[in-house]
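Trainee: Quick one: the structure is below, questions incoming.
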Amino acid sequence: MRAEILATGDEILTGALVDSNSAFLAEQLELLGLEVARHHTVGDSLEEIVDVLTEMGRRADLAVVTGGLGPTTDDLTARAAAEAAGVSLVLDKEALADIERFFAERKREMTPSNRKQAMIPEGARVLRNKVGTAPGFALKIGRCWACFMPGVPGEMRTMFRDRVLAHIRETFGRDLHPAVVRTVTTFGLPESEVGERVAAVESLFKGVRLGLRARFPEIQVKLYGRLGRQQEEDDLDGAVAWVCSRLGHNLVSDQGLSLPEAVGRLLRQKGATVAVAESCTGGLIAHLLTNVAGSSDYLLGAVVAYANQVKTGVLKVDPDVIAARGAVSRQVVEQMAIGVRSLTGADYGVATSGIAGPTGGSPEKPVGTVCIGLASARGVVSRRYRLFFGSRQAHKTIFAAVALNRLRLSLTGKGD
């Protein structure tokens, strides 16, 4: 079964917005057992959208389309779909009622332009929008069923899960061969080395297909089989165990957990708590930890000690140590980790101080230098790293990840 994806909009075509919709849809279609053969991006041009829809109608079994269903003059997708299918646009009364209800419930006036969103290609199946105004629709174009959804990511994902999935299953039924996917998360190795370590998995486990996904700063190993095929599901269990054995201490999770999720699970399992003292990461570690639901069980607090007077005044870092060693030093992060642990009563204190750039480096401490401290009942340890990743944001991200990984290794007994 062949599927294609089309994202419309000048903002996508020019790169002003990142097209996260197509990545989401490709993953979801693959899980359904569909082969995603092509991705298309087209601007707000009626002629271009019609051309691509017509092409997909000749080649694909299924097309999923996002964008261009709004109320403005550059929202052209419904009109293009109607032209590609050779039908007219008609007013769908239920869709119009949904739009009117949306505005009434929010006590907002509905402008005349919003009525345009209820104009649907004749014969199309309307896909109701639970969280926005623009309805979607499913329409046969040539040999291809095409499903049209709004471009707003939250609306698109909700509509896909609530409406489009049901339409695809109903339409294609037994022709679908859903995949089962197991994800292994790694940290600390480049993608090329992860690939080399696990490359043999497909030859060792015949029913398994391998994929790698870089989700900076982590690398995910994806292992695919087919749902309902017992041998492939058994092979997946063996493949996951083999892959994990090849990754050593770089294995974060055999269940696809991110670093913050894996650290949170370990802390909860041990009944332990943590506090963080951040300089160069500027609160990013605390942000990552609190992105995980239930993090109040183990994160007690955080101090963003960006200025030296906060390091000395709040965390009780010795000013003579800063003067002698510099703020970016192992001695300082050790005292920061001890200080935040003492301040909060946490079982673990984690601290960072570094140079994220693009300025501020020196020959002795170039941009990308970070010191990480970890304090616990066993004492305090620290490490210094040189991690050059180009941009300031990349440095902050990798610094935070390395700090979380030091905590993870300590919790698992594999490191300081």
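The values are calculated or read from the model by the stated rules, or taken from the named source; none is laboratory data. Values in this document were obtained by computation on a predicted structure and should not be read as measured data. A quick note on method: Cβ atoms are made from the backbone with ideal geometry, for glycine too, and the neighbour counts reach across all protein chains shown.
Trainee: Report, by residue number, each residue of the range 88-104 that is touching a residue at least 24 places away in the same chain (Cβ under 8 Å) and buried (at least 17 other Cβ atoms within 10 Å of the Cβ).
Mentor: Correct list: 89, 92, 95, 98, 99, 102.
For (1) in contact with a Cys (Cβ under 9 Å, 6 or more places away or on another chain); (2) more than 18 Å from residue 186 (Cα to Cα); (3) crowded, with 22+ Cβ neighbours inside 10 Å, each residue gets a yes or a no:
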{"site": "373", "(1), (2), (3)": "no, yes, yes"}
{"site": "378", "(1), (2), (3)": "no, yes, no"}
{"site": "383", "(1), (2), (3)": "yes, yes, no"}
{"site": "392", "(1), (2), (3)": "no, yes, no"}
{"site": "395", "(1), (2), (3)": "yes, yes, yes"}
{"site": "399", "(1), (2), (3)": "yes, no, yes"}
{"site": "405", "(1), (2), (3)": "no, no, yes"}
{"site": "409", "(1), (2), (3)": "no, no, no"}
{"site": "413", "(1), (2), (3)": "no, no, no"}
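Trainee: Quick one: in the range 167-199, of everything that is modelled with pLDDT under 95 and of a type in the set (Gly, Ala, Ser), which residue is farthest from residue 251 (Cα to Cα)?
Mentor: Result: 173.
Trainee: In addition: Out of the range 29-47, which residues are modelled with pLDDT of 95 or more and either part of a loop (DSSP other than H, G, I, E, B) or surrounded by 17 or more Cβ atoms within 10 Å (Cβ to Cβ) (or both)?
Mentor: Those that are modelled with pLDDT of 95 or more and either part of a loop (DSSP other than H, G, I, E, B) or surrounded by 17 or more Cβ atoms within 10 Å (Cβ to Cβ) (or both): 29, 36, 40, 41, 42, 43, 44, 45.
Trainee: Also, quick follow-up: So, of the residues in the range 139-190 that are under 24 Å from the mean Cα position of the chain (by Cα) and among the acidic types (Asp, Glu), which turns out to be surrounded by the fewest Cβ atoms within 10 Å (Cβ to Cβ)?
Mentor: Ranking the candidates gives 162 first.
Condition check ((1) in contact with a Lys or Arg (Cβ under 6 Å, 6 or more places away or on another chain); (2) modelled with pLDDT of 95 or more; (3) small (Gly, Ala, Ser)) across all residues:
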| position | (1), (2), (3) |
| --- | --- |
| 356 | yes, yes, yes |
| 371 | yes, yes, no |
| 384 | yes, yes, no |
| 403 | no, yes, yes |
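Trainee: Name every residue in the range 34-93 that is touching a helix residue (DSSP H, G or I) at 6+ places or on another chain (Cβ under 6 Å) and acidic (Asp, Glu), in order of residue number.
Mentor: Selection gives 44, 83, 92.
Trainee: With the structure loaded, tell me whether residue 272 is at pLDDT 95 or above and either in a helix (DSSP H, G or I) or surrounded by 19 or more Cβ atoms within 10 Å (Cβ to Cβ) (or both) or whether it fails that test.
Mentor: Criteria not met by residue 272.
Trainee: Here are 394, 346: which of them is in contact (Cβ under 8 Å) with a residue 24 or more places away in the chain, outside any strand (DSSP E or B) and within 13 Å of residue 276 (Cβ to Cβ)?
Mentor: 346
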